[in-house]
Number of protein chains: 2
Amino acid sequence: MKCISDLGEFELIGRIARLAERAAVDGAQVVVGIGDDAAVLRPRAGEDLVVSADTFVEDVHFRWGTSSAKIVGRRALVANLSDLAAMGARPLGFTAALAAPGALELTRFDGLLRGMLHEARAHGCPLVGGNLTRASETSVAITVMGAVPRGKALRRNGLRAGDRLFVTGTLGGAALALARAELGRAPMRHVAMPRIEAGQALVRMREVRACIDVSDGLAADLGHMLEASGVGAEVDPAQLPRGRGLAQGASELGIDGERLVVGGGEDYELVFGYRGAATSAVLRRRLGVKVTEFGSVTRMRGARGWPSTEGWRHF
Amino acid sequence: MKCISDLGEFELIGRIARLAERAAVDGAQVVVGIGDDAAVLRPRAGEDLVVSADTFVEDVHFRWGTSSAKIVGRRALVANLSDLAAMGARPLGFTAALAAPGALELTRFDGLLRGMLHEARAHGCPLVGGNLTRASETSVAITVMGAVPRGKALRRNGLRAGDRLFVTGTLGGAALALARAELGRAPMRHVAMPRIEAGQALVRMREVRACIDVSDGLAADLGHMLEASGVGAEVDPAQLPRGRGLAQGASELGIDGERLVVGGGEDYELVFGYRGAATSAVLRRRLGVKVTEFGSVTRMRGARGWPSTEGWRHF
């Protein structure tokens, strides 16, 4: 099978540039793309720039054996897009530093790229730069850039006692798919949907002052928000939105479905505090996605209501 | 000796955040720094965003044996800052994805960081995000962001027949230091100065329409400009500005000094085309750095005047 060392560096870079061009995003934000000393992006007047970086490393964040290269590439970009969503930003573009051993199969290299570019196109976030180096294992270091109306980025630290707590979509699906793949039952095909549009809708809502995305698991990520805001919460896990077939899927694997919902990562749903009287149905219409109320913010620190979380951190 | 696996991930990240805070840059551009889902930067009204990514990998771009960790960190950020300079951008901030084996000595980890933060402070380019992962070898993947007046970014493709060709500073110094280190004569201590201020001055000059930085060597980088612009050049290598002691240093190592000047990389000087009548002395005052005229742009493609470049590409 052909591997990347069969192609020269310039040939590989040309390959990336061609694939990126085919996946070009309709948008006025790219003034200069790949090929100069740097790319040039154009935010709109009065926008702040939002920046986040995340790396996906072989055998740490993914395993070749449990998912296709395309799925790996999609997950890598989605993890970054979700950080933009959590700040309420619209995507501008991303850079990718690819490192790989020379023996990496060209089909995997292409798959990784195609996966990233698939999500790039889906969310209007073009690849605008990066580089390629040899390394002992494959990794993708991504920096994603977005824009948000000046001063309006959603922080973790804006929760206040009395805020109602909501979460978008459903929880546990990513962790279930990962558990299935790790146990050799089915390849990992699950890729979460970064809540880009919902994040931008939240930015426009005065009643929302704090948001985070569920990357490490709801309990952990809500914990980060509570700590940053200096507040606590009462939560009701029974209210949490389960993915379809979650209970059955978990029981087939002999694992606890509730753990997946409360502790599973990579769902990339948004958790936000809301200080208003609107019903879930109203918020759902405004955000364009299912939302569920699952608790409220308290003056007393710490989260009350979670099942015992002993040993969950490393789940 | 203490290595990074002796500290937990959170402890290491806390260490980075503390060091970054101490190296904080005075500037209004950082609205949200390290610690949220993403950082928030604020360009000025009417600015375009300039973005570049570059990775420094152990045993590919640097060797622990030939330079201190701090020098490695400085070189890594300077390589990126120089891309901003070549576009005429002022720095806004950077992200760094650090990967390292658990056995990396803590002193090297700290040195890498301190090196990057040293250059960050010197050039007003704060660390605003990143991440840390385990890997088989040490690497730093940096994405740097800057801002330039709207529509004014300096491209590679703006050369026109008749433009006079200039280069800032002196050439060959970085290649000489690297050769010395590789031959075991002296540790690599050389770190080039990214021409950030000169780049911004070039953007304000109507007579300048194209610029590149010398990262792969003058002949190679000028070649990229000529190709992108669809033009050629006549060059006079005798005019090229040599670093102090270059001839003697090269002869001590038994290598050809001219090769270092024409083919040596990492000098990070700026090469630009100028369509005006000003003398070098006038340009020097306007740019705040020594400039030397070394050729002119021709309609006929290709560069004429270089010494034979057989086998130079891999110098």
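Of all residues in the range A:55-76, those that are over 14 Å from A:Gly111 (Cα atoms) and within 12 Å of chain B (Cβ to nearest Cβ) have Cβ atoms under 8 Å from Cβ atoms of residues that are part of a loop (DSSP other than H, G, I, E, B) and open to solvent by 60 Å² or more (accessible area, probe 1.4 Å), 6 or more apart or on another chain, in A:Thr55/A:His61.
From the list B:Ser251, B:Ser215, B:Ser229, which one is of a type in the set (S, T, N, Q), within 30 Å of B:Gly151 (Cβ to Cβ) and over 20 Å from the mean Cα position of the chain (by Cα)?
Working: B:Ser251 fails: within 30 Å of B:Gly151 (Cβ to Cβ); B:Ser215 fails: over 20 Å from the mean Cα position of the chain (by Cα).
Among B:Ser251, B:Ser215, B:Ser229, only B:Ser229 is of a type in the set (S, T, N, Q), within 30 Å of B:Gly151 (Cβ to Cβ) and over 20 Å from the mean Cα position of the chain (by Cα).
When the range A:136-151 is filtered for residues that are in contact with a Leu (Cβ under 9 Å, 6 or more places away or on another chain) and open to solvent by 10 Å² or more (accessible area, probe 1.4 Å), the ones remaining, listed by number, are A:Ser139, A:Ala141.
For residues in the range A:236-254 being part of a helix (DSSP H, G or I) and of a type in the set (A, V, I, L, M), which is farthest from A:Gly162 (Cα to Cα)? So, considering only residues that are part of a helix (DSSP H, G or I) and of a type in the set (A, V, I, L, M), the one farthest from A:Gly162 (Cα to Cα) is A:Leu253. Once the range B:15-55 is narrowed to residues that are surrounded by fewer than 19 Cβ atoms within 10 Å (Cβ to Cβ) and acidic (Asp, Glu), the residue that is farthest from A:Leu226 (Cα to Cα) is B:Asp26.
Checking each residue in the range A:287-304 for being surrounded by 15 or more Cβ atoms within 10 Å (Cβ to Cβ) and of a type outside the set (A, V, I, L, M, F, W, C) picks out A:Lys290, A:Thr292, A:Glu293, A:Gly295, A:Ser296, A:Thr298. For the range B:56-73, a tally of residues being open to solvent by 20 Å² or more (accessible area, probe 1.4 Å) and among the hydroxyl-bearing types (Ser, Thr, Tyr) returns 2.
Within the range B:204-215, does at least one residue satisfy the condition of being at pLDDT 95 or above and of a type in the set (Asp, Glu)? Yes, because at least one residue in the range B:204-215 is at pLDDT 95 or above and of a type in the set (Asp, Glu).
Of the numbered criteria (1) within 11 Å of chain B (Cβ to nearest Cβ); (2) out of contact with any Lys or Arg (no Cβ under 7 Å at 6 or more places or on another chain); (3) modelled with pLDDT under 95, the one A:Gly46 fails is (2).
One residue stands out in the range A:210-235 among those that are open to solvent by 50 Å² or more (accessible area, probe 1.4 Å) and not in a strand (DSSP E or B): the one that is nearest to A:Ala174 (Cα to Cα), namely A:Asp216.
Would a scan of the range B:94-116 turn up a residue that is surrounded by fewer than 21 Cβ atoms within 10 Å (Cβ to Cβ) and within 11 Å of chain A (Cβ to nearest Cβ)? Looking for residues that are surrounded by fewer than 21 Cβ atoms within 10 Å (Cβ to Cβ) and within 11 Å of chain A (Cβ to nearest Cβ), one finds at least one in the range B:94-116, hence yes.
Do the conditions hold for A:Ala85, that is, is it crowded, with 22+ Cβ neighbours inside 10 Å, of a type in the set (A, V, I, L, M, F, W, C) and more than 8 Å from chain B (Cβ to nearest Cβ)?
On the way: crowded, with 22+ Cβ neighbours inside 10 Å: yes; of a type in the set (A, V, I, L, M, F, W, C): yes; more than 8 Å from chain B (Cβ to nearest Cβ): yes.
Yes: the conditions hold for A:Ala85.
Taking the stated definitions as given, is A:Ala76 buried (at least 23 other Cβ atoms within 10 Å of the Cβ), in contact with a helix residue (DSSP H, G or I) (Cβ under 7 Å, 6 or more places away or on another chain) and farther than 22 Å from A:Gly130 by Cα? When the stated conditions are applied, A:Ala76 does not pass them. When the range A:118-135 is limited to residues that are open to solvent by 10 Å² or more (accessible area, probe 1.4 Å) and hydrophobic (A, V, I, L, M, F, W, C), the one that is farthest from the other protein chains (Cβ to nearest Cβ) turns out to be A:Ala122.
A quick yes/no check of all residues on (1) touching a strand residue (DSSP E or B) at 6+ places or on another chain (Cβ under 9 Å); (2) open to solvent by less than 30 Å² (accessible area, probe 1.4 Å):
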| site | (1), (2) |
| --- | --- |
| A:Leu159 | yes, yes |
| A:Phe166 | yes, yes |
| A:Ala175 | no, yes |
| A:Ala179 | no, yes |
| A:Leu183 | no, no |
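The values are calculated or read from the model by the stated rules, or taken from the named source; none is laboratory data. These figures come from a predicted structure and were not determined experimentally. Because the Cβ atoms are built from the backbone with ideal geometry, glycine has one as well, and the counts that use them run over all protein chains shown. Side chains are part of the model used for accessible areas, which takes the heavy atoms of the whole protein and leaves out ligands, DNA and RNA. Shrake-Rupley method; radii C 1.70, N 1.55, O 1.52, S 1.80 Å.
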